[in-house]
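Here is the structure we will look at, set down as structure tokens.
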Amino acid sequence: MIEFKYKEQLDFVILRLKEERVKANMSQIELSFAAGLSQNQVNCIETGKNIPNLYTIIKLCDALKIRPEILFSTEELERKKAKEEILMLVKKYM
């Protein structure tokens, strides 16, 4: 089981991976073919059922034509949190 302190970062990586796949206008099947993985593997990664190892992440990033650090950007995570907090405060006081 993953330690709770890493779960948020892992969830973020999985979300970013799916966002990048959608942005590339690729289906899970297309991504799996381009990365040399099964469609089931891609699905299990995107749904959080399987945790990809570094080799798999690199294969997926290569297939998506993105740099791996895009998936791990904590700045993006912090911006999303800040945006959610601001929106919550705006709603609260409107």
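Kindly provide the set of residues from region 51-94 that are within 18 Å of the chain's Cα centre (by Cα), among the β-branched types (Val, Ile, Thr) and open to solvent by 90 Å² or more (accessible area, probe 1.4 Å), ordered by number.
Within region 51-94, Ile51 is the sole residue that qualifies.
Determine whether Phe33 is of a type in the set (Phe, Trp, Tyr) and farther than 18 Å from Arg79 by Cβ.
It is true that Phe33 is of a type in the set (Phe, Trp, Tyr) and farther than 18 Å from Arg79 by Cβ.
Which residue pairs have Cβ atoms closer than 8 Å, lie 6 or more positions apart in sequence or on different chains, and pair a first residue in region 53-82 that is within 18 Å of Ala34 (Cβ to Cβ) with a second residue that is of a type in the set (Lys, Arg) and assigned to a loop (DSSP other than H, G, I, E, B)?
Cys61/Arg67
Any idea which residue in region 1-50 is surrounded by the most Cβ atoms within 10 Å (Cβ to Cβ), counting only those that are within 19 Å of Lys65 (Cα to Cα) and β-branched (Val, Ile, Thr)?
Looking at residues that are within 19 Å of Lys65 (Cα to Cα) and β-branched (Val, Ile, Thr), I get Val42.
The values are calculated or read from the model by the stated rules, or taken from the named source; none is laboratory data. Here the structure is a predicted model, which means the values were calculated and not measured. Positions of Cβ are generated from backbone atoms using ideal geometry, with glycine treated the same way; all protein chains shown enter the neighbour counts. Each accessible area value is taken on the protein alone, full model and side chains, heavy atoms only, with ligands, DNA and RNA left out. Shrake-Rupley method; radii C 1.70, N 1.55, O 1.52, S 1.80 Å.
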